[in-house]
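Report on the structure given below.
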Amino acid sequence: MVIKDVSKVGNRGVIFTFDDDITVYLIHTDRYWFLCDTHLGPQSMEGIKNYISMRSNEKEVIVFNSHSDWDHIWGNCVFQNGIIISHETCRKRMDEIGEFDLVRLTEFHRGVIKLVLPNLTFSDKITFAEDEIEFIYAPGHTIDSAVCFDRKDSVLFVGDLVEYPIPYLDFSDLEAYMKTLEFIKSFPARVKISSHSGIIDNALIDRNITYIKNIFEGNPIDPIVYQECPDVHNFNINNTLYLKYENMVREKLKDSFDYTSFRCEFGDLKKVSYTDLQEALELYLAHL
Ligand SMILES: [Zn+2]
């Protein structure tokens, strides 16, 4: 566990930034601690628990998962006896892909991880009125993405929905993603926080929208846009294709669709070439 930065936001929020530049956001209300995301495991959460115990240990910690990706949920097991909130598709997706990622990505484990799913889910939003905290469904980066709004401090935690220099595209509905980014852009929050890019501004949101729009319309992308992370861009191009096929295969196989066996067929989407992937997906579909 290495927390490299702890920054106060507003009157009751704290951003913890880990050595891999991933953040979690902690909000101290009169009744609870709200923790947005749990990073990579129990070791990461030790610093958060210490911070809490030095202030008010009697208050319950309520965890919120901004989405089900592994780098945001592996510390859930530390809080398994408490409330863990997410969008309803987040629980479902975590249940489907969680073990696959846990086994595949052992080098990123921080401590001994047990996959713990959210135990309180919502569809559009859930509000803790007394605490002035709201969790709102905001699909885009993934189907299960959601944001946390601290109304009192006017702070919005957006998870991976906004990212520098480009976002990861891991949901087939890019129009929904652009709509969500417009929603975030016009959201009346004083501060907006991204999991991987810290405090963000509207210029970055616009940049993300333009990138997605160009991918959606099949326009050529200027390499300068992704020069800092060509592998992410390659992933996005490949994953946009992969997700189309995944939907088709799901439809064909219905209940017998098995995520792990399907996903294992196509290697690392950051590295494979688009044409090789397309060929492999076509072949897979043809043999069903
Ligand atoms: Zn992430």
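The values are calculated or read from the model by the stated rules, or taken from the named source; none is laboratory data. Note that this is a predicted model, so its numbers are computed, not measured. In this analysis, Cβ positions are derived from the backbone assuming ideal geometry, glycine residues included, and neighbour counts consider all displayed protein chains.
So which of Glu228, Glu217 is within 30 Å of Glu182 (Cβ to Cβ) and surrounded by fewer than 11 Cβ atoms within 10 Å (Cβ to Cβ)? Of Glu228, Glu217, the one residue that is within 30 Å of Glu182 (Cβ to Cβ) and surrounded by fewer than 11 Cβ atoms within 10 Å (Cβ to Cβ) is Glu217. The strands (runs of 3 or more DSSP E) falling completely within the stretch 122-235 that include 1 or more residues that are within 16 Å of the ligand (Cβ to nearest atom), closer than 28 Å to Asp19 by Cβ and touching a residue at least 24 places away in the same chain (Cβ under 8 Å) map to 146-150, 155-157, 191-194.
State yes or no: is Ile85 touching a Phe, Trp or Tyr at 6+ places or on another chain (Cβ under 8 Å), among the hydrophobic types (A, V, I, L, M, F, W, C), over 19 Å from Ile3 (Cα atoms) and surrounded by 20 or more Cβ atoms within 10 Å (Cβ to Cβ)? Spelling it out, Ile85 is indeed touching a Phe, Trp or Tyr at 6+ places or on another chain (Cβ under 8 Å), among the hydrophobic types (A, V, I, L, M, F, W, C), over 19 Å from Ile3 (Cα atoms) and surrounded by 20 or more Cβ atoms within 10 Å (Cβ to Cβ).
For Val147, state whether it is under 16 Å from the mean Cα position of the chain (by Cα) and among the aliphatic types (A, V, I, L, M). Spelling it out, Val147 is indeed under 16 Å from the mean Cα position of the chain (by Cα) and among the aliphatic types (A, V, I, L, M).
When the residues of the stretch 14-25 are filtered to those that are buried (at least 22 other Cβ atoms within 10 Å of the Cβ) and away from the ligand (no atom under 13 Å from the Cβ), the one that is nearest to the chain's Cα centre (by Cα) is Tyr25.
A search for C-beta distances below 8 Å between a residue of the stretch 39-63 that is within 15 Å of Lys4 (Cβ to Cβ) and in the same structural domain as Pro118 (by TED's automatic domain parsing) and any residue that is surrounded by fewer than 14 Cβ atoms within 10 Å (Cβ to Cβ) and among the β-branched types (Val, Ile, Thr), counting only pairs 6+ apart in sequence or on different chains, returns Tyr51/Val6. The conditions of being more than 13 Å from the ligand (Cβ to nearest atom) and modelled with pLDDT of 95 or more are met by His28. Out of Arg55, Arg110, Arg104, one residue alone is in contact with a helix residue (DSSP H, G or I) (Cβ under 7 Å, 6 or more places away or on another chain), among the basic types (Lys, Arg) and surrounded by fewer than 20 Cβ atoms within 10 Å (Cβ to Cβ). It is Arg110. Test of understanding: among Arg93, Arg110, which residue is modelled with pLDDT of 95 or more, in the same structural domain as Val158 (by TED's automatic domain parsing), assigned to a loop (DSSP other than H, G, I, E, B) and within 16 Å of the ligand (Cβ to nearest atom)? Being modelled with pLDDT of 95 or more, in the same structural domain as Val158 (by TED's automatic domain parsing), assigned to a loop (DSSP other than H, G, I, E, B) and within 16 Å of the ligand (Cβ to nearest atom) holds for just one of Arg93, Arg110, which is Arg110.
Within the stretch 70-84, being within 16 Å of the ligand (Cβ to nearest atom) and in a loop (DSSP other than H, G, I, E, B) holds for one residue alone: Ile73. The set of residues from the stretch 256-271 being closer than 13 Å to Tyr245 by Cβ and not in a helix (DSSP H, G or I) comprises Phe257, Leu269. Which residue out of Glu217, Glu246 is more than 26 Å from Met94 (Cβ to Cβ) and modelled with pLDDT of 95 or more? So the residue among Glu217, Glu246 that is more than 26 Å from Met94 (Cβ to Cβ) and modelled with pLDDT of 95 or more is Glu217.
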